[in-house]
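Heads up, the thing below is written out as structure tokens.
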Amino acid sequence: MARGLKKHLKRLNTPKHWILDKLGGTFAPKPSSGLQKSKKCFLLIIILQKRLNYALKYREVISILTQQQVLVDGKVRTDKTYPAGFMNVVSIPKTNESFRLFYDTKGRFRIHSLGDEESKFKICKANDTIKMDLESNKTVDFIKFDIGNVVMVTGGRNKGRIGVIKNREKHKGRFETVHIQDVLGHEFDTCLGNVLTLVKGTKPWVSLPKGKSIKFFIIEEVWKRLATQSATTA
């Protein structure tokens, strides 16, 4: 007989980008129903407790949220397992801080600090990219998806990488491939549905996190690590 939906989540089955330690317990917080898929979301309890270090215990997170101290895209959220997602703006008015959720080059969520002006809007994908004001909830501007624009990959094995569109290749069927080149000259391709335009003209709409989302090969990471070690020991 069917028992209905499961209301629990084992820690070993959590998405890898949450980066939860295996010895922290048997269970992990299960995402609530929301706009984001469970494998593509980042919970408020993990943001406050593991990343921002504003709470040490479970009860402290509940206390912060019940006091309506956390906003997601300009709306108060009191659910500890609310699923925030890519490009969502998390604001804490009491500390006058705002953060945007980005992907790093390994597909993990990165919390990027924002200024006052940048925290007032978010960007969304509708084939093209639209800029939406969080207060009025209206579209302010948009970017056409054209060759030569700077884009960010939001899915696939190249998730988190940023580069310039070089070519669009159509295939028989429903999917279309986009060829992208990053700052270092490395070229890669991905599906059209995994691409989000970030720059209109020469000015980016959002500030980029540290590292500019450049993905290095394994040998390049080793060389970089050895160079920093030799510099510190010298």
Problem - Check on Asn127, exposed (fewer than 12 other Cβ atoms within 10 Å of the Cβ), farther than 22 Å from Tyr54 by Cβ and in contact with a Phe, Trp or Tyr (Cβ under 8 Å, 6 or more places away or on another chain) - result: yes
Completion exercise
Per the filter on segment 179-207, residues surrounded by fewer than 16 Cβ atoms within 10 Å (Cβ to Cβ) and either under 16 Å from Phe121 (Cβ atoms) or modelled with pLDDT under 80 (or both) are Gly201, Thr202, Lys203, Pro204, Ser207
Handout entry: Failed criterion for Glu135 (all others in (1) touching a helix residue (DSSP H, G or I) at 6+ places or on another chain (Cβ under 8 Å); (2) surrounded by 11 or more Cβ atoms within 10 Å (Cβ to Cβ) hold)
Key = (2)
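The values are calculated or read from the model by the stated rules, or taken from the named source; none is laboratory data. Treat the numbers as computed from the prediction; the structure is a model and nothing was measured. Virtual Cβ from ideal backbone geometry, glycine too; neighbours counted across all protein chains shown.
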